[in-house]
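Q: Take a look at this one; I'll ask things after.
The values are calculated or read from the model by the stated rules, or taken from the named source; none is laboratory data. Model, not experiment: these values are computed from the prediction. Cβ: placed from backbone, ideal geometry, glycine included. Neighbour counts: every protein chain shown.
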Amino acid sequence: MWTERLFIPGPTSVPAEILSAGARQVVDHRGAEFTVLYADVRRGLWGLAGAADAAILPASGTGGLEAVAQSLLHPGQRVLAPVAGAFAERFARIAELRGARVERMAFPWGVAIDPAAVAERARTGGFEAVLLTQNETSTGVLHPVEEVARALAGGPLLLLDAISGFPSVPLQVEGQFDAAVACSQKGFMTPPGLAVVLFSRRGLQALEGAEPQSSFLDLRPFLFGEVPYTPAVTLIAALAESLRLLEREGEGRRAARHALLGRMTRDAADALGAPLLAQREFASPTVTALAPPDGIAVKDLRAQARAEGAVLAGGQGEWKGKALRIGHLGAVLPIDLIGGIGALEVALSRLGHSMADGRGVRAAYAAWREGSQDLTEGVTA
């Protein structure tokens, strides 16, 4: 039996070097060896995200969002949540569970938030915090959150879900966001199990006055680089290797590679008659949401693609049963994606789609060939 290839928004495939690093023997998390490793990883995260500090929790990305809500939000606090997908709604719900008074600002699924409208509402509504989603996994939209940050500089706390974006998508925390959450199993190419919370200096100041109601999710001990309870030692070793690989590739080349993967996927979908569900000018470089061609059910297409060796994701929330999502983040290379699109095209052909005659693979190849110079030069697109 062959190994299935993951083309989902996460978890993503793990490179052999990272798997090997995570297979090391467990060490004392209070000993000198781990202390050095943990400090190196924190410094690597600071540099990668332009952050003032970082906490690494043994949790999923959702655990990181919970920790941010516990440590930076307060019961009764007025919070604005622009919502344009399932994961922005999740962040809003987490804030409500903390006791915050959340006002949702709804945008249609597949459409980017309006940064000017969000900033105006945040300024005039007396909000103390704004919840933002960098890359909406459920819709395949990359939101212009930096524009919101520029418009609200020095205003309410800006808390960012960067889980399916960073580090595949560049992020500068200091001067823009007060806390940003990422996780191990997406762009970091590491097995699931780590949430990363990145802070600006202002975010750290807000954290000092926190009164969380959870011991496990209290982020304050991480201000001093401590590990307040047993960390995921081997996963942090794997994350150290991930940071080494990310540094070797470089931010420019990584951004260019993901932009190219997004173009390849969209061009293939256009050729195959599978409509893009996201607003094209804000289409994500890490995950693409499509409608299947007419007459083909998402569940049948996913099942057939899996039989060909490619694991694809379905829709969530409003788009459950309507959307096919293709993840192309982390360690995915253009040559890998060509194989995934080929499997999708074979699946469509077996389901009777007349346009599945190789044109999808040819379109992806043409985009790869045209965009390969971007990878050489590290030019974002």
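Q: Within region 1-20, can you find the residues that are surrounded by 21 or more Cβ atoms within 10 Å (Cβ to Cβ) and in a helix (DSSP H, G or I)?
A: Hit for region 1-20 is Ile18, nothing else.
Conditions tested, residue by residue: (1) surrounded by fewer than 20 Cβ atoms within 10 Å (Cβ to Cβ); (2) modelled with pLDDT under 95; (3) under 22 Å from Ser168 (Cβ atoms); (4) among the acidic types (Asp, Glu).
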| position | (1), (2), (3), (4) |
| --- | --- |
| Ala297 | yes, no, no, no |
| Leu301 | no, no, no, no |
| Val332 | no, no, yes, no |
| Gly340 | no, no, yes, no |
| Arg350 | yes, no, no, no |
| Arg359 | yes, no, no, no |
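Q: Ok, one more. Please verify whether Asp28 is in a loop (DSSP other than H, G, I, E, B), under 26 Å from Phe222 (Cα atoms), charged (D, E, K, R) and assigned by TED's automatic domain parsing to the domain that holds Gly203, treating the condition exactly as stated.
A: Taking the combined requirement at face value, the residue satisfies it.
Q: Something else: Criterion first (under 26 Å from Leu337 (Cα atoms), among the acidic types (Asp, Glu) and in contact (Cβ under 8 Å) with a residue 24 or more places away in the chain) does Glu174 satisfy it?
A: no
Q: Tell me, which residue of region 222-273 that is of a type in the set (S, T, N, Q) and within 20 Å of the chain's Cα centre (by Cα) is nearest to Leu204 (Cα to Cα)?
A: The residue in question is Ser242.
Q: Say we look at region 114-140 and pick out the residues that are small (Gly, Ala, Ser) and assigned to a loop (DSSP other than H, G, I, E, B); which of these is surrounded by the fewest Cβ atoms within 10 Å (Cβ to Cβ)?
A: Checked region 114-140; the qualifying residue surrounded by the fewest Cβ atoms within 10 Å (Cβ to Cβ) is Gly126.
Q: So, one more: Of the conditions (1) under 30 Å from Pro108 (Cβ atoms); (2) at pLDDT below 95, Asp270 satisfies every one except a single condition; which number is it?
A: Asp270 satisfies all of (1) under 30 Å from Pro108 (Cβ atoms); (2) at pLDDT below 95 except (2).
Q: With the condition kept exactly as written, say whether any residue in region 90-112 is surrounded by 22 or more Cβ atoms within 10 Å (Cβ to Cβ), touching a Leu at 6+ places or on another chain (Cβ under 8 Å) and either on the phi > 0 side of the Ramachandran plot or without any contact (Cβ under 8 Å) to a residue 12 or more places away in the chain (or both).
A: Looking through region 90-112, at least one residue is surrounded by 22 or more Cβ atoms within 10 Å (Cβ to Cβ), touching a Leu at 6+ places or on another chain (Cβ under 8 Å) and either on the phi > 0 side of the Ramachandran plot or without any contact (Cβ under 8 Å) to a residue 12 or more places away in the chain (or both).
Q: Cβ-Cβ distance below 6 Å, separation of 6 or more or different chains: which pairs start in region 54-81 with a residue that is over 24 Å from Ala240 (Cβ atoms) and not assigned by TED's automatic domain parsing to the domain that holds Leu223 and end on one that is crowded, with 24+ Cβ neighbours inside 10 Å and of a type in the set (Asp, Glu)?
A: Listed by first residue and then by second, the contacts come to nothing, as the list is empty.
Q: Same structure, new question: Please work out which one of (1) in contact (Cβ under 8 Å) with a residue 12 or more places away in the chain; (2) part of a loop (DSSP other than H, G, I, E, B); (3) surrounded by fewer than 22 Cβ atoms within 10 Å (Cβ to Cβ) is the condition Gly165 fails and give its number.
A: (3)
Q: Regarding Val26, is this residue of a type in the set (Val, Ile, Thr) and crowded, with 23+ Cβ neighbours inside 10 Å?
A: So Val26 does not fit the description; no.
Q: Taking Gly126 and the conditions (1) free of Cβ contacts under 8 Å to residues at least 40 places away in the same chain; (2) on the phi > 0 side of the Ramachandran plot, which numbered condition does it fall short on, given that it satisfies the others?
A: Going through the list (1) free of Cβ contacts under 8 Å to residues at least 40 places away in the same chain; (2) on the phi > 0 side of the Ramachandran plot, Gly126 breaks only (1).
Q: Another question, then. Within the set of pairs 6 or more residues apart or between chains, which connect a residue that is in the same structural domain as Pro156 (by TED's automatic domain parsing) inside region 202-223 to a residue that is among the charged types (D, E, K, R) and in a loop (DSSP other than H, G, I, E, B) with Cβ atoms less than 7 Å apart?
A: Arg202/Asp178; Gly203/Asp178; Ala206/Asp178; Pro212/Asp218
Q: If you don't mind, another one. Which one is farthest from Arg280 (Cα to Cα), of the residues in region 141-161 that are part of a loop (DSSP other than H, G, I, E, B) and either free of Cβ contacts under 8 Å to residues at least 24 places away in the same chain or touching a Pro at 6+ places or on another chain (Cβ under 9 Å) (or both)?
A: Of everything passing the filter in region 141-161, Gly154 is farthest from Arg280 (Cα to Cα).
Q: Among the numbered criteria (1) in contact (Cβ under 8 Å) with a residue 60 or more places away in the chain; (2) closer than 18 Å to Glu226 by Cα, which one does Arg43 miss?
A: So Arg43 meets the others, but not (1).
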